Amino acid sequence: MKINPHKKFEGIFLVNGKLATVSLRPGTTVYGERLVKSGKKEYRIWDFYRSKPATAIKKGLKEFPLKKGMSVLYLGIASGTTASHFSDIVGKDGLIYGVEIAERVLRELIIHAERRGNIVPILADARKPESYENIVFGKVDLIYEDVASKDQIPILIRNAEKFLKSRGYALIAIKSQSIDVTKKPREIYKKCLTELEKHFDILDKVELDPFEKMHLFVVMKRRN
Amino acid sequence: MKASIVTTVIGCFGVSEDNNIIAYIKFQKDPQIIAEKIQASETEKIPEEREIEDKLKKKGFTEIKKTSNEFIRTNLRALAIEKKFVKSQAELNKLISKVNIELTKIKIKKAVGRDALIMQVSGAIEELDKSINILVERLREWYGLHFPEMDRIIEKHEKFAEIIEKFGSREAIEHPELSQFREKSMGIDLNKADVKIVQNFAKDVLELYKLREELSKYSEDLLKKVAPNLEELAGPMLAAKLISLAGGLEKLARMPSSTIQLLGAEKALFRHLHGRGKSPKHGVIIVHQYIQKSPLEHRGKIARLISSKLSIAAKIDFYSKTNRAKEMKKELEKKIREIKSK
């Protein structure tokens, strides 16, 4: 078994060439992922078929700013497949606020939130950041948005204005099929990027095909 | 002088207009209790908030409002330490997580209404129908080895299973249309054990029919309570299906009627939007008796009419909960007659 830290990204490892994070709760799986024990540590293989940031890294993303100790606002956290790896990376001193509108998937997340202690489940609509402003303490270091909604971009911008630190990071998985099914993905990406550029500096972007069809993953930094 | 009351995970604050903390009351450091307080605070004034209000009044504040406050929100981490609520940020993180887990649990419980039951039952009926069909096909093939002539004569599945369950082997069957084929059947002979097992299988299939009956009756009762107008206008099957497809009564009530008209025809709709194929005129509402009874050329118009009325019915059911199904039905019938007479 060959385990190496990822060359560029803190907190991410390569186990026999596969992406992995160090489990915060050894012995438990979140979504049926493979666990690899090595010494005192346990690594959870990060499935790039099921988690968009992993896909983006797999496809050669150059910037992935998530680090130990960060506080994160995660819009569209769902059952916590991706969030569990984020939770591994930020560790005990970090915190993930997970906003989700569907109570069905949040039910699954709660089980993992209870075990991990650094995930804050919030049943709310990301379109209405006012509804959870009393829950999110202070400003966060990073916002990640993965919601399948037509108004993906305005949602991110409004949440960033309210909750993101100045020069904080924003990550988004743009799903072109949710914005307009009849247009070509590239056209939609272009439009979204011009919109995002008004508020953020774009650090890197990568298309997620063929693992996630018609998705663009963008890493940004807040301008002011 | 203006002031505001702000309730947070660590307790209640009384804050003046120029962001001075005038009063503060700690919560007890128990996630369950904090969650309950925050939950209650959303709809009413909790005791702590009243106490803060009194303190503010004594200090001479007159305009006191319960709001969120940007100053408190951004400085809460520092405040939590300053007010000695927690010793470290890590401890605070754990507490925030625990409180919100409790809070979310309470919210999840409230978010699920009786319409969720309708959706489950509607799904169960659909799956039951599929299963019954598969099993009856199997039963027909199986018993066909023994008595192939029966397959054509008894067309109703339930009847077919009933006969097997009641009589067992073909020699025992007493049925006016079947008796004549008994002697010269081309089927193989079965011994007692063979018959017994196929009989049991038929019995279980019949149980599924009974279960289906029970479920559809239960679904109808639920609908009459949860969505009486929709049930009356659409019929129990369609009403349940629409609620399921929309993802709940609230979502259905918020839908425009054009979306309701095409629920279940998404594939055709998107094909059309991509510029391939004609626009669909109706989704699942095609099973509505008024559409079924209408000639093809009127179906599009009638579908539009029906969906508009169903949309109103869903809105009444969710928001005002009065029963106006009868008058709506009359109006609908009148308009359909108008379309047909043109």
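Things worth noting here:
- Distance between the pseudo-spin-label points of B:A172 and B:R299 (7 Å out from Cα toward the beta carbon): 4.7 nm.
- Its DSSP H runs of at least 4 residues, each contributing -39,500 (n - 2.57), put the calculated 222 nm mean residue ellipticity of the protein assembly as shown at -15500 deg cm²/dmol, to the nearest 500.
- Contour excess over end-to-end distance, with Cα ends at B:E183 and B:F270 and 0.36 nm allotted per residue: 25.5 nm
- The length gained by stretching the chain between B:K130 and B:I21 to full extension, at 0.36 nm per residue less their Cα-Cα distance, is 32.8 nm.
- Once the chain from B:D221 to B:K83 is taken as fully extended at 0.36 nm per residue, the excess over their C-alpha distance is 44.1 nm.
- Spatially, the range B:100-178 and the range B:219-242 are offset by 22 Å when compared through their Cα centroids.
- Label-point separation, A:R115 to B:N323 (7 Å along Cα→Cβ), nm: 5.0 nm
- Cα-based shape type of the range A:3-89, given that a ≥ b ≥ c are square roots of the gyration tensor eigenvalues and the cut on a/c is 1.5: rounded
- Label-to-label distance, nm, for residues given as B:E91 and B:R337 (7 Å Cα→Cβ offset): 7.8 nm
- With K and R counted +1 and D and E -1, the other residues having a Cβ less than 12 Å from that of A:K59 yield a net charge of 0.
- Modelled FRET efficiency - R0 41 Å, B:F71 with A:I3, Cβ distances, 0.05 increments: 0.30
Computed from the coordinates by the stated procedures, all read-outs in this text should not be read as laboratory data. Treat the numbers as computed from the prediction; the structure is a model and nothing was measured. Neighbour counts are summed over all protein chains in view; Cβ atoms, including those assigned to glycine, are modelled from backbone coordinates with ideal geometry.
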